[in-house]
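Each remark here refers to the structure printed beneath this line.
The values are calculated or read from the model by the stated rules, or taken from the named source; none is laboratory data. Remember, it's a predicted structure, so these values are computed and weren't measured experimentally. Glycine gets a Cβ as well: all are built from the backbone with ideal geometry, and neighbour counts include every protein chain shown.
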There are 2 protein chains.
Amino acid sequence: MRKATSNVLHSVTQRHWPLKIRTAKYSTPPLSKDTYKIKRGNFASLTDKDINVFEGIVGKTRMLTDVSDVEAYNVDWLHSVRGSSQCVLKPKTTEEVSAILKHCNERRLAVCPQGGNTGLAGGSNPVFDEVVISTSLMNKIISFDSLSGVLTCQAGCVLEQLESYLLEQGFLMPLDLGAKGSCQIGGNVSTNAGGLRLVRYGSLHGTVLGIEAVLANGEVINCLNKMKKDNTGYHLKHLFIGSEGTLGLVTQVAIHCPVSPKSLNVAFLGLDSYEKVLEALKSSKKDLGEILSSCELMDRTSIQAVEENLKLRVPIKDCPFYMLIETSGSNSDHDEEKLSQFLENALEKNIIVDGIQASEPSRIKQLFEVRERMAEALLLDGFLYTYDVSLKPQDFYSIVPTTREHLKNVPGVMRVTGFGHFGDGNIHLNITSKEYSKEIMNNIEPFVYEWTSKFGGSVSAEHGIGLKKTGAVHFCKPPQAIQLMHQIKNVMDPNGIMNPYKVLPAINSA
Amino acid sequence: MRKATSNVLHSVTQRHWPLKIRTAKYSTPPLSKDTYKIKRGNFASLTDKDINVFEGIVGKTRMLTDVSDVEAYNVDWLHSVRGSSQCVLKPKTTEEVSAILKHCNERRLAVCPQGGNTGLAGGSNPVFDEVVISTSLMNKIISFDSLSGVLTCQAGCVLEQLESYLLEQGFLMPLDLGAKGSCQIGGNVSTNAGGLRLVRYGSLHGTVLGIEAVLANGEVINCLNKMKKDNTGYHLKHLFIGSEGTLGLVTQVAIHCPVSPKSLNVAFLGLDSYEKVLEALKSSKKDLGEILSSCELMDRTSIQAVEENLKLRVPIKDCPFYMLIETSGSNSDHDEEKLSQFLENALEKNIIVDGIQASEPSRIKQLFEVRERMAEALLLDGFLYTYDVSLKPQDFYSIVPTTREHLKNVPGVMRVTGFGHFGDGNIHLNITSKEYSKEIMNNIEPFVYEWTSKFGGSVSAEHGIGLKKTGAVHFCKPPQAIQLMHQIKNVMDPNGIMNPYKVLPAINSA
């Protein structure tokens, strides 16, 4: 096992990839209403009177109505969806959000909440002329209790900003995403973001202790509990986690943060078959146990995209599979001993064929860069069809060769690749082509969803349903559950103004 | 630091304390409808025709109608509530549950779901003549996947049965309760039980991956997802976690189980002030980090109850406070080194004054017995007023001396004690008297709730609301949240047949 050296990989300058992408070569995407054949809901249209009301709430400086200013909110960072909102509002307080929503509800004006605009399912961009409510100025940290580890903040705090704040106090955010330089905690919560640390710290349903959200009618639901245990009635906060702003707008979050580990180690491994990958998973859970904090899988095709499109070099020899294993713990000697033992066993039993180990922060960052910039690398092929599914470890990778085989005679397909959060059973299946092809798309969907559903997987592991996947919900949820979702939506947002066209499948698809 | 020896504590014979208590000296409690002044809802009454329908569903052998047979289901193990159900049904399958509920809903017959009848808030006993649906025969383990760690089982599986099953395969249930010999996983989920391992493995909202539940109208909501990540629409399962059977009856559960630790260590510590207790918490989080799996606090008065009423002896010298710290991990050398280091530091800095350490399973069990049998010991005083609140670590213990002071002139008060899951901010405040006293009760409530609410705590940390605490919900939830709870109840159970009189406060108390 070699130690990483500084010349192995290009250095990481920044990880704000969504912003970086925005400046790239992409042209204006078609309007989502055309791409997804959506009919506008029965909502009112914005008038000067509404603009005056909004100005009274947020003032002139926190309202955008110029087409050029609004454009960045109409389009997602992938340049895959586009709406035609004419108005972006930037409230700073819960009271302002409440006043905005109250007015919109009374007027039947549809709204689209937006955080860092880093979503992958088109959930945070308008489809028609929805009023965009951006949480970007709701970026105050309200409190942090170093005894309980509970952080309370406004929804617009950027994940990386929170992370830096906590690190200074010896704590850590329980989630980490590639988009952390831009994504906001309110958006993370609303999409139930997963990310790289879920294997260790669990999902937001476990770590988020309290939520304050504003309902469509402007009512504030204050469930901003800061206790790890609170069994006083229905656990309403979970309705807002993962409902992508369709049931209410999350304004504040209380989240439990773990103590920052004193030691961090990473191993980048090469394996020559999927059977070996499964063996490595099993022994990592056994040998690393409580210190395993990330277990990522990448296939050769994904790595090739990073090498070719980003000119990054991978520090070990070519293999069909690569794993990135991170440990974090409270004692560096113990952690290194556990990791070394795991790696020695794995080499001895021929589970891995090559590997590199790092404990210095800059080296760790470099090793993770390959994994974190994979979506960006693939996007540089031209067009990216990206699928985010969960599958049992046994079935996890099969979806890649199966899809590759299925697409082998479809013209224009460049790469079919798979990588993802293996420790959580979450794989990102990616297909690229030079430009968008309807034929390729028709060959991928519903094929990929049907296959996933057949194996008991989830058709959206962590990216959510947003606009793009509403037609796929029924692959994972029975009609009774979809009906219940609609009933809850009707109770909480009877006029349907909150982020319409998103998440909920049409009743007849149920 | 001494090592535990075998003569320190009496040996543990069994931990099925709810069953044990049932055979004790308690007489028949008054009817709950009288104790809590409840008016019967507008439900139908059971007829011979209904009995015939039920017999058609579950057969004669799985239906109890004899007063003496039904009695055990009408009364809780604390002998604090009593209903007058005339009929207990014991379905074995989801289909049977569905058929029962469909009939009850059409007939407007109220039902009361019951698991192991180990609840502490009267949530699983009828109040009037509700039909009891016992899940005790729904006790099949459906599947376990040793690669993903996901266990799927019926709601009636007893927690200890699941634990034994998993231990054989090298895994662990992510929750552990004193009542594990009797409590059922469906009841655990329905009350969002916390217990001793929450500090390590998090709450059921994080570990439960999927739920199958039957709605009041008999419709089966199959959200029995087995993936750690699934973002396909609203996260409905959380509506059933902690709603105590008022929104539906949980029939199956899929839960993520951690790999069983290879090493387990326990330290039983004595401390001479609450300031030292806070210091011990801080250093345990820092020094033990990822291996800390339990952090319990007990005060001298609680320990005295165990010594006097159960004749158990505590292995260290008398102190105002005691802590029980458990570590579990994948490497015994590492764990012991971490724990020793923590203890040495704590002794050196005078954080602890005495302590005992154990790693042998039988010794660990003995040390835990003191903590686990505390409720039982207090109950032997005669009558137990028990409160389960969450508070910030800074405020955690203040509720005990504050309550003691408040009750100092109230006749009949025997003990005012506090113990609990310190690592999670969850304290059990207990007051005992020889027999029930209205005067004592009136002096405790709402005093305790008001105080907790003032300090931002939760008036029910893990025991739930059940029947006993419906009047206390508004101390933790604003009127808007309570209204939303009612709206959701109305959507999911429009006839209100599911576990009536429980959880939801009257609208006017909102």
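Take the residues in region A:330-362 that are away from chain B (no Cβ under 14 Å) and part of a loop (DSSP other than H, G, I, E, B), then tell me which one is farthest from B:T327 (Cα to Cα).
The selected residue is A:V353.
Which of the residues that make up region B:274-291 are surrounded by fewer than 19 Cβ atoms within 10 Å (Cβ to Cβ) and either under 19 Å from A:S293 (Cβ atoms) or not assigned by the TED database to the domain that holds B:N350 (or both)?
If the condition is that a residue be surrounded by fewer than 19 Cβ atoms within 10 Å (Cβ to Cβ) and either under 19 Å from A:S293 (Cβ atoms) or not assigned by the TED database to the domain that holds B:N350 (or both), then B:K286 is the only one that fits.
What number of residues in region A:396-436 are exposed (fewer than 15 other Cβ atoms within 10 Å of the Cβ) and either within 14 Å of chain B (Cβ to nearest Cβ) or under 23 Å from the mean Cα position of the chain (by Cα) (or both)?
Residues in region A:396-436 being exposed (fewer than 15 other Cβ atoms within 10 Å of the Cβ) and either within 14 Å of chain B (Cβ to nearest Cβ) or under 23 Å from the mean Cα position of the chain (by Cα) (or both): 0 in total.
When the residues of region B:126-176 are filtered to those that are of a type in the set (S, T, Y) and in contact (Cβ under 8 Å) with a residue 40 or more places away in the chain, which remaining residue is nearest to the other protein chains (Cβ to nearest Cβ)? Show your work before the answer.
So in region B:126-176, the residues of a type in the set (S, T, Y) come out as B:134-136, B:143, B:146, B:148, B:152, B:164-165.
Filter once more, so that each one left must be in contact (Cβ under 8 Å) with a residue 40 or more places away in the chain: B:134-136, B:148, B:152.
Details: B:S134: 22, B:T135: 20, B:S136: 23, B:S148: 6, B:T152: 11 Å.
The qualifying residue nearest to the other protein chains (Cβ to nearest Cβ) is B:S148.
Across region A:260-293, what is the number of residues that are away from chain B (no Cβ under 14 Å) and either under 29 Å from B:L264 (Cβ atoms) or of a type in the set (V, I, T) (or both)?
Matching residues across region A:260-293 total 2.
Taking the criterion of being in contact with a strand residue (DSSP E or B) (Cβ under 8 Å, 6 or more places away or on another chain) and surrounded by fewer than 21 Cβ atoms within 10 Å (Cβ to Cβ), would at least one residue in region B:292-301 satisfy it?
The first filter runs over region B:292-301 and keeps only residues in contact with a strand residue (DSSP E or B) (Cβ under 8 Å, 6 or more places away or on another chain), leaving B:292-301.
Still in the running and surrounded by fewer than 21 Cβ atoms within 10 Å (Cβ to Cβ): B:300-301.
The answer is yes, given that some residue of region B:292-301 is in contact with a strand residue (DSSP E or B) (Cβ under 8 Å, 6 or more places away or on another chain) and surrounded by fewer than 21 Cβ atoms within 10 Å (Cβ to Cβ).
If B:G181 satisfies all but one of (1) surrounded by 24 or more Cβ atoms within 10 Å (Cβ to Cβ); (2) in a loop (DSSP other than H, G, I, E, B); (3) more than 9 Å from chain A (Cβ to nearest Cβ), what's the number of the condition it fails?
(1)
Filter region B:379-395 down to residues that are over 17 Å from the mean Cα position of the chain (by Cα) and not in a strand (DSSP E or B) and give me whichever is farthest from B:E344 (Cα to Cα).
B:G382
Tell me, which residue of region B:442-474 that is closer than 14 Å to B:D388 by Cα and basic (K, R) is farthest from the other protein chains (Cβ to nearest Cβ)?
Only one residue fits best here, namely B:K468.
If a residue must be basic (K, R) and more than 25 Å from A:L31 (Cα to Cα), how many such residues does region A:425-479 contain?
Number satisfying all stated conditions: 2.
Show me the helices (runs of 4 or more DSSP H) found entirely inside region A:416-510 where at least 2 residues are more than 20 Å from B:H235 (Cβ to Cβ).
A:438-444, A:447-454
Please work out which one of (1) out of contact with any Cys (no Cβ under 9 Å at 6 or more places or on another chain); (2) in contact (Cβ under 8 Å) with a residue 12 or more places away in the chain is the condition B:G56 fails and give its number.
Result: B:G56 fails condition (2) only.
Could you tell me whether any residue of region A:185-201 is outside the structural domain of A:L288 (by the TED database), without any contact (Cβ under 8 Å) to a residue 40 or more places away in the chain and over 22 Å from A:K92 (Cβ atoms)?
no
List pairs: first in region A:221-246 and more than 7 Å from chain B (Cβ to nearest Cβ) and on the phi > 0 side of the Ramachandran plot, second buried (at least 24 other Cβ atoms within 10 Å of the Cβ) and in a helix (DSSP H, G or I), Cβ under 6 Å, 6+ apart or cross-chain?
Taking only residues 6 or more apart or on different chains, the pairs are A:E244/A:S190; A:G245/A:S190.
Within region B:108-127, identify whether any single residue is modelled with pLDDT of 95 or more and surrounded by fewer than 19 Cβ atoms within 10 Å (Cβ to Cβ), and answer yes or no.
yes
Among the residues of region B:176-201 satisfying the criterion of being in contact with a Gly (Cβ under 6 Å, 6 or more places away or on another chain) and at pLDDT below 95, which is farthest from A:V259 (Cα to Cα)?
B:L177
In region B:228-286, which residues are part of a loop (DSSP other than H, G, I, E, B) and among the aromatic types (F, W, Y)?
B:Y234
Only one residue in A:G195, A:G218, A:G210 is surrounded by fewer than 22 Cβ atoms within 10 Å (Cβ to Cβ), part of a loop (DSSP other than H, G, I, E, B) and within 11 Å of another protein chain (Cβ to nearest Cβ), so which one is that?
Answer to the check: A:G218.
Regarding A:E326, is this residue within 14 Å of chain B (Cβ to nearest Cβ), assigned to a strand (DSSP E or B) and of a type outside the set (V, I, T)?
Spelling it out, A:E326 is indeed within 14 Å of chain B (Cβ to nearest Cβ), assigned to a strand (DSSP E or B) and of a type outside the set (V, I, T).
Condition check: over 24 Å from A:F455 (Cα atoms), surrounded by fewer than 23 Cβ atoms within 10 Å (Cβ to Cβ), more than 14 Å from chain B (Cβ to nearest Cβ) and at pLDDT below 95. Does A:E439 satisfy that?
When the stated conditions are applied, A:E439 does not pass them.
Among the residues of region B:475-510, write down those that are away from every other protein chain (no Cβ under 11 Å), in contact (Cβ under 8 Å) with a residue 12 or more places away in the chain and surrounded by fewer than 17 Cβ atoms within 10 Å (Cβ to Cβ). Give the steps one after another, and end with the answer.
Filtering region B:475-510 down to residues away from every other protein chain (no Cβ under 11 Å) leaves B:493, B:495-501, B:506-509.
Then keep just the ones that are in contact (Cβ under 8 Å) with a residue 12 or more places away in the chain; that gives B:493, B:495-501, B:506-507, B:509.
Result: B:A506, B:I507, B:S509.
Consider region A:74-113. How many of its residues are hydrophobic (A, V, I, L, M, F, W, C) and not in a loop (DSSP other than H, G, I, E, B)?
10
Only residues that are of a type outside the set (S, T, Y) and more than 7 Å from chain B (Cβ to nearest Cβ): list them for region A:247-259, please.
Selection gives A:L247, A:G248, A:L249, A:V250, A:Q252, A:V253, A:A254, A:I255, A:H256, A:C257, A:P258.
Go through (1) of a type in the set (A, V, I, L, M, F, W, C); (2) within 14 Å of chain A (Cβ to nearest Cβ); (3) under 13 Å from B:D299 (Cα atoms) for B:V370 and report which single condition fails.
Of the numbered conditions (1) of a type in the set (A, V, I, L, M, F, W, C); (2) within 14 Å of chain A (Cβ to nearest Cβ); (3) under 13 Å from B:D299 (Cα atoms), the odd one out for B:V370 is (2).
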